[in-house]
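The values are calculated or read from the model by the stated rules, or taken from the named source; none is laboratory data. Given the structure is predicted, the values throughout are model-derived calculations rather than measurements. We place every Cβ from the backbone using ideal geometry, glycine too, and count neighbours over all the protein chains shown.
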Amino acid sequence: MDYERIKEKLNILADAAKYDVSCASSGSKRTNKNNRLGNSSGMGICHTYTEDGRCVSLLKILLTNHCIFDCAYCVTRKSNDIKRAAFKVQEVVDLTIAFYRRNYIEGLFLSSGIFKNADATMERLVEVAKKLREEENFNGYIHLKSIPGASDELMREAGLYADRLSVNIEIPTEKGLKLLAPDKNREDFLKPMRKVKNEIIQYKSEKKLIKSTPIYAPAGQSTQMIIGASNETDAEIMYTSAYFYKKFQMKRVYYSGYIPISHDHRLPAIGTEVPMLRENRLYQTDWLLRFYGFDIREILNKEHPNLESDIDPKLSWALRNLDQFPVDINRAEKRLLARIPGVGMKSVQKIIQARRYRKLNWENLKAIGIAMNRAKFFMVCDSREFESKDRTAAQLKSLILSQSSSKFSKAHSTQLNLFSSIETPIAV
Amino acid sequence: MRKILVYDGSFDGFLTAIFDVYDEKLTDVTIQPKHRSTQNFFDTSSEVVTDEKKAHRVWEGISKACSKTGKTNIYRAFLSELDGIEDTLFHFIKRSLAERVDVAKDYGDAEILKISKVVKMVGREKHRMDAFVRFRQTKDGLYFATVSPDFNVLPLLIKHFKSRYADQQWIIYDLKRDYGIYYNLQEVTTIVLENSDAFRSNSKNGSFFTEEEMVFESLWKNYFKSTNIVSRKNTKLHLQHVPKRYWKYLSEKSPV
């Protein structure tokens, strides 16, 4: 191996791949049989974290950053004047194995710019995964990007080697896509997604009958949307997201605040801050949908097309629905406990277990770890003391805000301060 | 008068101490390991002689009274080596044996909530080791890593590393407690190195490791740099996930 050349390629192709947020390595079930190399048995591991605080679990690279498309939001777009490089299949295989054996990574996340056409690109990605599985006996995690427009046969083969497949729809609305990526249409994204979904269902049902059926993309599919590149509302983003969870049985939808990389007038200018607070609120909403039993229509709708930035979406919902409170911690069913602001699912679980032994009071609840500053206004427990004063939603909100400090408080103040330098880091 | 039972620090020793408490019908008692024992003027102390048979009997009793989680919790919390953890565990064991129901989830009991928190801390440290172990290949083909975890988590690592790196020989060595685990392609055994001091400094130890090793380390460092998004820099979050005390074992965080 020519290490200097590999190093250069790695720098270019890791740099180009970093805008893909997903680094999940969980949810698979590949065990290590016959003393071979590796496993990925459900629990993901972050082997390190970048200086921006993101998990590094996989070797995340592009096979090449040569691309025939010219999507405005993408750093690899054809018209962008950047250094181009391409890995050979064997180079990716060797690098993955060497990193894996040293416990640097959980596996490989391979994506690519589209050279020649969709199928030629997808074929090369599948070739890497196949070599890892069949020649190196590798049982670690493999995440392959499904190339928009790739054929059904290739997608079927890809799922046999990969743990997860993903297509990034990138722009939440169709009109946005038309504006920023005129050569792409939404159907190209949906086609491989639909194929993978159907294969997953089919392999699962066959496996029930015939045990030797191979596993197909055991960690499922995911997708990603760029936030803040095309003037979409939070409702538009989250309704799209809910649609993908429902229709395509996505394991995850990722939200990626747009990082300005181009002087294109259709996009936010270079130097515009990455909308990290908005991204955070969207993830909170995503969690409410997936784990807390909320319906998207309760949180975002015609009257409320955007999330509030100064309070979390659950608190925001609660303030609009004060008639549903207070909730009695010692009696309420799980579904209602999960709706109390400041009480997470872990605490809900603990409360349900602990209240079998005794009635819980404020002290118990504090020790269990619920966020009292918010929760206390929405609940009663085994105590005569409780917040009995009837307050309006606006009063409650200002009371809660005055008693807490947000890690994003700086972001709020820079929004007011027009003349502050652009370089100010927003979350410290 | 309070009585101190001093045991040798092993899990069997701790269980033997519990046997002695019941055997001698002690009421005002505290259990301490030898290396952390504190005694004042009013205490009397006696040494526990570790006895596998007694330990086994206590463990059997606990097994009957506790759920599986309760049992794992006892072992994991014990590995924390925190001051006073023995007495907290004894409180839990005493309640389990007396009440004959599973009390592991009675989080209204402060001591039991404490156990669940300590178990979480130990679990987190174990998970960190799963992540932060960095193997380097020695000239004789062995993959070698040093760690110094906050808690004694090496016994909890065996299963994961054995089933993942089944086709390579490896050693994970705890420099703080001066012992390691070694997988020889068949089984995992405990070892103590005579020259473990040689690995203590973060020197590259050119004499032990292959030349290729330096190359992969530098490729990994390069990757770590390239995958960072500068405009999203968030040092607080970074440090929360990778506290500084672990940096000495992470090649991507070393300055050279």
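General observations
- Search result, residues across the stretch A:25-41 that are within 7 Å of another protein chain (Cβ to nearest Cβ) and out of contact with any Phe, Trp or Tyr (no Cβ under 7 Å at 6 or more places or on another chain): A:N32, A:N35, A:R36, A:N39
- Every residue from the stretch B:120-134 that is within 13 Å of chain A (Cβ to nearest Cβ), in contact (Cβ under 8 Å) with a residue 12 or more places away in the chain and either under 15 Å from the mean Cα position of the chain (by Cα) or under 18 Å from B:R76 (Cβ atoms) (or both): B:G123, B:K126, B:R128, B:M129, B:D130, B:F132, B:V133
- Failed criterion for B:T38 (all others in (1) surrounded by fewer than 13 Cβ atoms within 10 Å (Cβ to Cβ); (2) assigned to a helix (DSSP H, G or I) hold): (2)
Okay, residues lined up against (1) surrounded by 18 or more Cβ atoms within 10 Å (Cβ to Cβ); (2) modelled with pLDDT of 90 or more; (3) more than 19 Å from the chain's Cα centre (by Cα); (4) of a type in the set (D, E):
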position: B:F151; (1), (2), (3), (4): yes, yes, no, no
position: B:N205; (1), (2), (3), (4): no, no, yes, no
position: B:Y249; (1), (2), (3), (4): yes, no, no, no
position: B:V256; (1), (2), (3), (4): no, no, yes, no
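- When the stretch A:349-358 is limited to residues that are crowded, with 20+ Cβ neighbours inside 10 Å and aliphatic (A, V, I, L, M), the one that is nearest to A:N321 (Cα to Cα) turns out to be A:I351.
- Test: residue in the stretch A:7-24 that is surrounded by fewer than 18 Cβ atoms within 10 Å (Cβ to Cβ) and more than 11 Å from chain B (Cβ to nearest Cβ): no
To keep it simple, each residue is scored yes or no on (1) closer than 28 Å to A:T50 by Cα; (2) crowded, with 17+ Cβ neighbours inside 10 Å; (3) within 14 Å of chain A (Cβ to nearest Cβ); (4) touching a helix residue (DSSP H, G or I) at 6+ places or on another chain (Cβ under 9 Å).
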| residue | (1), (2), (3), (4) |
| --- | --- |
| B:G70 | no, yes, yes, yes |
| B:E86 | no, yes, no, yes |
| B:I93 | no, yes, no, yes |
| B:R136 | yes, yes, yes, yes |
| B:H160 | yes, yes, yes, yes |
| B:L175 | yes, yes, no, yes |
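- Selected residue (only one of A:L267, A:L277 is crowded, with 19+ Cβ neighbours inside 10 Å and in a helix (DSSP H, G or I)): A:L277
- Considering (1) in contact with a helix residue (DSSP H, G or I) (Cβ under 9 Å, 6 or more places away or on another chain); (2) at pLDDT 85 or above; (3) at the interface with chain B (Cβ under 8 Å from one of its Cβ atoms), the lone condition that A:L62 does not fulfil carries the number (3).
- Only one of the numbered conditions (1) among the polar types (S, T, N, Q); (2) exposed (fewer than 14 other Cβ atoms within 10 Å of the Cβ); (3) touching a residue at least 12 places away in the same chain (Cβ under 8 Å); (4) within 27 Å of B:D109 (Cβ to Cβ) is violated by B:S46, and that is (4).
- Verdict on A:V253 being surrounded by 20 or more Cβ atoms within 10 Å (Cβ to Cβ), more than 14 Å from every other protein chain (Cβ to nearest Cβ) and of a type in the set (A, V, I, L, M): yes
- Residue count, the stretch A:363-420 (criterion: modelled with pLDDT of 85 or more and within 14 Å of chain B (Cβ to nearest Cβ)): 11
- With respect to the conditions (1) closer than 30 Å to B:P243 by Cα; (2) more than 8 Å from chain B (Cβ to nearest Cβ); (3) in a loop (DSSP other than H, G, I, E, B), A:I97 falls short on a single one, namely (3).
- Residue match in the stretch A:174-190 (condition: free of Cβ contacts under 8 Å to residues at least 12 places away in the same chain, out of contact with any Leu (no Cβ under 8 Å at 6 or more places or on another chain), assigned by TED's automatic domain parsing to the domain that holds A:G38 and not in a helix (DSSP H, G or I)): yes
- Any chance B:G108 is within 10 Å of chain A (Cβ to nearest Cβ) and at pLDDT below 95: yes
- Selected residue (criterion: nearest to A:I200 (Cα to Cα)) from residues of the stretch A:160-182 that are surrounded by 20 or more Cβ atoms within 10 Å (Cβ to Cβ) and acidic (D, E): A:D163
- Per this entry, B:V192 is not counted among residues that are within 8 Å of another protein chain (Cβ to nearest Cβ) and among the β-branched types (V, I, T).
- Figure legend. Inter-residue proximity from the stretch B:215-228: first residues facing chain A (nearest Cβ under 7 Å), second residues of a type in the set (F, W, Y) and not in a helix (DSSP H, G or I), beta-carbon distance below 6 Å, spacing 6+ or different chains. Indicated pairs: B:W220/A:Y104.
- In summary, A:D20 fulfils each of the numbered conditions (1) assigned to a loop (DSSP other than H, G, I, E, B); (2) without any contact (Cβ under 8 Å) to a residue 40 or more places away in the chain; (3) not polar (S, T, N, Q) with the single exception of condition (2).
- Residue match in the stretch A:213-220 (condition: part of a helix (DSSP H, G or I) and surrounded by fewer than 19 Cβ atoms within 10 Å (Cβ to Cβ)): no
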